[in-house]
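Chemist: There's a structure below that I have some questions on.
The values are calculated or read from the model by the stated rules, or taken from the named source; none is laboratory data. Since we're looking at a predicted model, the values are computed, not measured. Positions of Cβ are backbone-derived with ideal geometry, glycine not excepted, and every protein chain shown enters the neighbour counts.
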């Protein structure tokens with residue numbers, strides 16, 4: 001048995017040497033009996049290791065024997081090895097263990113040799129494996145729950161930002177009160193309070209359906225007049241609340257432009273008319289498709305939206321519209337008594353509370369974060385840059401307005417600086433989603449300069465605007481709308497500039513003409529402008545029979 005194992009080992013060694021480039025033949029020390037162990041030591045291509053009578057194996061064994069016979073030196077060494085191995089059973093036992101390990105190794109090699117065909121069976125399986133997760137998505141409760149959660153977060157975001165926009169009403173009130181004289185304080189408070197009350201009712205019943213209903217030839221919404229009768233959990237209510245804040249802001253812009261000389265009833269009629277037939281019409285042109293995701297109207301939108309007009313948060317729809325109506329109102333009521341001399345020389349009529357102006361401007365800036373970032377209508381990562389741009393542009397506008405007026409008159413002007421900040425905010429409103437913060441600086445700087453230049457120009461043309469509504473909202477509304485094309489992060493596009501120009505021009509022209517016609521009609525029915533005596537005594541006394549500061553003299557007469 002020992003000699004049989006030794007012969008097997010020698011046959012394996014000589015077989016390995018026979019495959020190398022330098023082979024040394026040897027004498028056939030072992031007999032032909034090693035053929036059987038050699039057959040056992042092979043990786044067993046067939047399950048029966050005893051089969052050794054194949055021609056291929058016999059030829060290999062004969063070749064080994066022939067090489068061994070040719071080398072007497074190797075034969076003598078093999079004989080010495082065999083003699084030593086015979087002398088110890090321990091070595092024989094080790095050789096038996098080596099042989100067993102070789103057999104186990106051969107089995108492992110056989111298993112490794114069989115996998116190549118196996119991948120053909122495994123490959124088809126991995127292909128569908130990545131697609132397999134798709135089925136859970138269809139019925140997927142987790143994905144539906146996640147989508148529902150995101151939708152609810154979006155709704156909460158819209159409500160919060162809508163509340164910020166509503167809070168801008170407080171900013172408008174404080175700004176207008178501080179920029180005007182104390183004897184008109186109650187009149188200003190009443191106007192800014194009641195205009196939103198009227199706007200809320202009219203916009204619910206008429207304005208919102210006309211603005212976001214199914215489009216009729218791209219000009220006006222034609223259905224959706226049942227908003228107040230929808231189910232309690234309908235998502236359109238969230239959308240309506242947010243849009244109502246925008247309508248209220250646009251409506252109240254006129255208040256400051258015609259302050260201190262406009263009859264209270266005429267202003268209230270304007271609020272109702274504006275909320276029903278001016279703002280909703282131009283809003284449908286540019287934003288008519290915005291209500292479709294909330295279950296009102298369709299995705300085709302108005303004619304401006306269809307040709308590619310972009311006004312992200314309302315430089316045109318809210319501000320240029322309100323500014324154009326304000327300009328029409330100024331022409332309708334004329335300047336305040338004493339604002340210009342007989343030769344047209346402007347006379348300063350200072351506001352009575354500049355700190356209140358500052359607080360109102362800061363409130364407006366605070367509300368503008370909801371104005372712009374809320375227009376995303378989703379609480380996603382996009383709101384970050386919207387907030388940053390809404391911070392940067394107004395800051396640059398305030399600095400530019402202060403510096404420009406300082407250069408013109410030799411001293412910085414607080415009211416111009418405040419209005420420059422508002423001009424920068426208006427200018428960034430249409431484009432805050434497509435410009436970088438660096439571009440926002442440039443937009444705000446130019447917006448502040450435009451505010452200053454427009455304020456000086458209106459004064460020279462004897463157009464009385466107590467709070468600077470036209471320079472801020474109308475002039476900077478134009479500028480901000482054009483900046484969508486001029487400062488777009490994707491590059492300048494001449495076609496886009498043409499569309500933007502057409503859009504802001506169409507909105508401004510419609511708003512100015514329709515508002516002007518309305519004021520003409522009202523003047524035929526009732527007084528629109530307060531008399532000289534009423535203006536001197538103050539509208540608080542003549543319109544409301546009250547005094548906001550009873551401990552102080554607020555009229556120009558003792």
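Chemist: Considering 442, 457, 485, 469, which residue is out of contact with any strand residue (DSSP E or B) (no Cβ under 8 Å at 6 or more places or on another chain), under 30 Å from residue 276 (Cα atoms) and at pLDDT 95 or above?
Modeler: Every option except 469 fails the conditions.
Chemist: Might you let me know whether region 348-367 holds any residue that is without any contact (Cβ under 8 Å) to a residue 60 or more places away in the chain, surrounded by 20 or more Cβ atoms within 10 Å (Cβ to Cβ) and over 23 Å from residue 166 (Cβ atoms)?
Modeler: So far as region 348-367 goes, no, none of its residues is without any contact (Cβ under 8 Å) to a residue 60 or more places away in the chain, surrounded by 20 or more Cβ atoms within 10 Å (Cβ to Cβ) and over 23 Å from residue 166 (Cβ atoms).
Chemist: Right, here's the next one. State yes or no: is residue 233 assigned by TED's automatic domain parsing to the domain that holds residue 312, more than 20 Å from residue 316 (Cβ to Cβ) and surrounded by fewer than 24 Cβ atoms within 10 Å (Cβ to Cβ)?
Modeler: When the stated conditions are applied, residue 233 passes them.
Chemist: Now for a different question. Restricting to region 216-234, name every residue that is in contact with a helix residue (DSSP H, G or I) (Cβ under 6 Å, 6 or more places away or on another chain) and at pLDDT 90 or above.
Modeler: 218, 220, 221, listed by residue number.
Chemist: Also: Just one of the numbered conditions (1) at pLDDT below 95; (2) touching a strand residue (DSSP E or B) at 6+ places or on another chain (Cβ under 6 Å); (3) over 22 Å from residue 200 (Cβ atoms) is not true of residue 333; which one?
Modeler: Condition not satisfied by residue 333: (1).
Chemist: Which pairs do you get when a residue that is assigned to a helix (DSSP H, G or I), found in region 501-519, comes within reach of a residue that is surrounded by fewer than 17 Cβ atoms within 10 Å (Cβ to Cβ) and modelled with pLDDT under 95, reach meaning Cβ atoms under 9 angstrom, with the pair 6+ apart or on two chains?
Modeler: Pairs found: none.
Chemist: Next up: Residue by residue through region 422-444, note down the ones that are in a helix (DSSP H, G or I) and surrounded by fewer than 23 Cβ atoms within 10 Å (Cβ to Cβ).
Modeler: 437, 438, 439, 441, 442
Chemist: Please go through region 175-193 and give me each residue that is over 15 Å from residue 261 (Cα atoms) and either at pLDDT 95 or above or outside any helix (DSSP H, G or I) (or both), ordered by number.
Modeler: Residues satisfying the conditions are 175, 178.
Chemist: Going through region 145-166 one residue at a time, which ones are modelled with pLDDT of 95 or more, surrounded by fewer than 17 Cβ atoms within 10 Å (Cβ to Cβ) and over 19 Å from the mean Cα position of the chain (by Cα)?
Modeler: Matches in region 145-166: 163 only.
Chemist: Based on this model, can you work out whether residue 530 counts as touching a strand residue (DSSP E or B) at 6+ places or on another chain (Cβ under 9 Å), surrounded by 17 or more Cβ atoms within 10 Å (Cβ to Cβ) and either modelled with pLDDT of 95 or more or in the same structural domain as residue 436 (by TED's automatic domain parsing) (or both)?
Modeler: Spelling it out, residue 530 is indeed touching a strand residue (DSSP E or B) at 6+ places or on another chain (Cβ under 9 Å), surrounded by 17 or more Cβ atoms within 10 Å (Cβ to Cβ) and either modelled with pLDDT of 95 or more or in the same structural domain as residue 436 (by TED's automatic domain parsing) (or both).
Chemist: Here's something else I'd like to know. Just the residues that are closer than 21 Å to residue 406 by Cβ, in a helix (DSSP H, G or I) and within 36 Å of the chain's Cα centre (by Cα), please, taken from region 453-483.
Modeler: 453, 454, 455, 471, 472, 475, 476
Chemist: Out of the residues in region 449-498 that are out of contact with any helix residue (DSSP H, G or I) (no Cβ under 6 Å at 6 or more places or on another chain) and on the phi > 0 side of the Ramachandran plot, state the one that is surrounded by the fewest Cβ atoms within 10 Å (Cβ to Cβ).
Modeler: Applying the filter and picking the extreme gives 491.
Chemist: Here is a follow-up. Let me spell it out: the conditions are (1) surrounded by fewer than 24 Cβ atoms within 10 Å (Cβ to Cβ); (2) under 20 Å from the mean Cα position of the chain (by Cα); (3) farther than 24 Å from residue 254 by Cβ; (4) in contact (Cβ under 8 Å) with a residue 12 or more places away in the chain, and residue 291 meets all of them except one. Which number is the exception?
Modeler: The single condition residue 291 does not satisfy is (1).
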